[in-house]
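Reviewing the structure listed below.
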Amino acid sequence: MKIAVIPNLDKRDADTYTREILAFLQENGAETLMHEKHRGQYEHVTFCKNHAALAESCDLIVAVGGDGTIIHTAKHASVAGKPILGVNLGRLGFLAGVEKDELHKLEALFTGDYRVRRLMMLSVTVHSVKGDTTYRALNDAVVSGAQSRIYDFGFSVDGSKLYKFRADGLILATPAGSTAYSLSAGGPVVDPESECVIFTPICPHALFNRSTLFCADKTITVSTDSDYSGEVYLTIDGGAPIRIHKTDTVSVSRSTYYTELIQTDERNFYDIVDSKFMQSRN
């Protein structure tokens with residue numbers, strides 16, 4: 001079995017846990033693979049030139065860090081069709097299948113005693129005068145201004161008439177992303193294995209603007225073509241901001257790719273939500 005290990009070494013004690021994980025996998029007969037940038041840092045490892053090659057070469061991936069590490073890994077794992085086991089080194093880690101004090105559960109990778117959760121992703125396309133550019137999101141796509149001010153946005157569903165609203169921005173999230181920024185902005189908690197698109201306005205300038213769930217088969221289009229001053233950006237899964245110009249539109253729909261996450265125990269989503277929220281209150 002070939003197992004890729006992708007650590008976020010910016011996390012506290014990540015190197016220590018990564019070494020422990022590599023040792024456990026190797027002792028159980030797995031060939032371990034890592035990104036080329038870790039050459040010279042870890043031993044008895046096969047190195048790959050980039051994350052795409054890493055995902056293509058392995059049978060499954062162990063992502064060591066937090067939800068951000070899993071989300072980054074999902075960009076390549078989803079294309080290669082490889083499942084991810086997340087080892088949580090952070091605080092919440094809604095997407096992780098193993099906590100840092102549960103590394104013995106890695107044994108399930110060799111016994112097959114685990115299940116795979118299949119999570120919907122979003123296809124996010126920016127339409128501009130220079131052409132179309134498409135991105136994938138596991139959590140969300142956020143359109144917002146660079147300054148703390150209200151902007152006018154246009155919003156349509158499957159080519160419907162353009163609805164106008166005023167807000168600091170908007171979030172289009174997957175069910176997996178419902179417990180991230182969307183939740184902080186007042187959106188609902190949605191079972192990550194369901195399929196829908198969650199629209200949540202950010203600080204809307206209206207009394208009755210609420211988060212709305214749309215069928216996953218819908219295509220939602222957003223524009224910022226009003227007479228605003230200031231810069232507007234698109235952010236995919238918390239990544240680098242992408243400038244959205246006045247004549248651009250952003251369309252969001254269900255991606256053809258899915259993220260597959262390995263779960264090593266029988267906890268359901270509501271057990272996870274309860275335990276994670278309890279941790280955040282401590």
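The values are calculated or read from the model by the stated rules, or taken from the named source; none is laboratory data. Every value quoted in this text rests on a predicted model; they were computed, and no experiment measured them. Ideal geometry is used to build each Cβ from the backbone, glycine not excepted, and the neighbour counts take in all protein chains shown. Side chains are part of the model used for accessible areas, which takes the heavy atoms of the whole protein and leaves out ligands, DNA and RNA. Shrake-Rupley method; radii C 1.70, N 1.55, O 1.52, S 1.80 Å.
Among the residues of region 133-181, those identified as hydrophobic (A, V, I, L, M, F, W, C), in a strand (DSSP E or B) and either closer than 21 Å to G230 by Cβ or within 16 Å of the chain's Cα centre (by Cα) (or both) are A137, A141, V142, V143, F153, F155, F165, A167, L170, I171, L172, A173. Applying the criterion of being in contact (Cβ under 8 Å) with a residue 60 or more places away in the chain and part of a strand (DSSP E or B) to the residues of region 54-104, the residue that is surrounded by the fewest Cβ atoms within 10 Å (Cβ to Cβ) is L60. Checking every residue in region 113-123 against the condition of being in contact (Cβ under 8 Å) with a residue 12 or more places away in the chain, farther than 24 Å from R267 by Cβ and touching a strand residue (DSSP E or B) at 6+ places or on another chain (Cβ under 9 Å) gives at least one match. Restricted to region 239-257, and to residues there that are touching a strand residue (DSSP E or B) at 6+ places or on another chain (Cβ under 8 Å), open to solvent by 20 Å² or more (accessible area, probe 1.4 Å) and not in a strand (DSSP E or B), the residue that is farthest from N139 (Cα to Cα) is T247.
For H104, the test of being over 24 Å from the mean Cα position of the chain (by Cα) and of a type outside the set (F, W, Y) is passed.
Can you pull out the residues in region 258-272 that are open to solvent by less than 20 Å² (accessible area, probe 1.4 Å) and at pLDDT 70 or above?
Filtering region 258-272 down to residues open to solvent by less than 20 Å² (accessible area, probe 1.4 Å) leaves 259, 261-263, 272.
T259, L261, I262, Q263 - these are the residues of region 258-272 that are open to solvent by less than 20 Å² (accessible area, probe 1.4 Å) and at pLDDT 70 or above.
Name every residue in region 30-53 that is assigned to a helix (DSSP H, G or I), within 24 Å of R12 (Cα to Cα) and open to solvent by less than 30 Å² (accessible area, probe 1.4 Å), in order of residue number. Spell out how you get there, then give the answer.
As a first pass, look at region 30-53 and keep what is assigned to a helix (DSSP H, G or I): 36-38, 51-53.
From what's left, within 24 Å of R12 (Cα to Cα): 36-38, 51.
Result: H38, single match.
Is there a residue in region 212-224 that is at pLDDT below 95, outside any strand (DSSP E or B) and small (G, A, S)? Among the residues of region 212-224, not one is at pLDDT below 95, outside any strand (DSSP E or B) and small (G, A, S), which makes the answer no. Scanning region 107-132 for residues that are surrounded by fewer than 21 Cβ atoms within 10 Å (Cβ to Cβ), of a type outside the set (S, T, Y) and not in a strand (DSSP E or B) yields E107, A108, F110, G112, D113, V129, K130.
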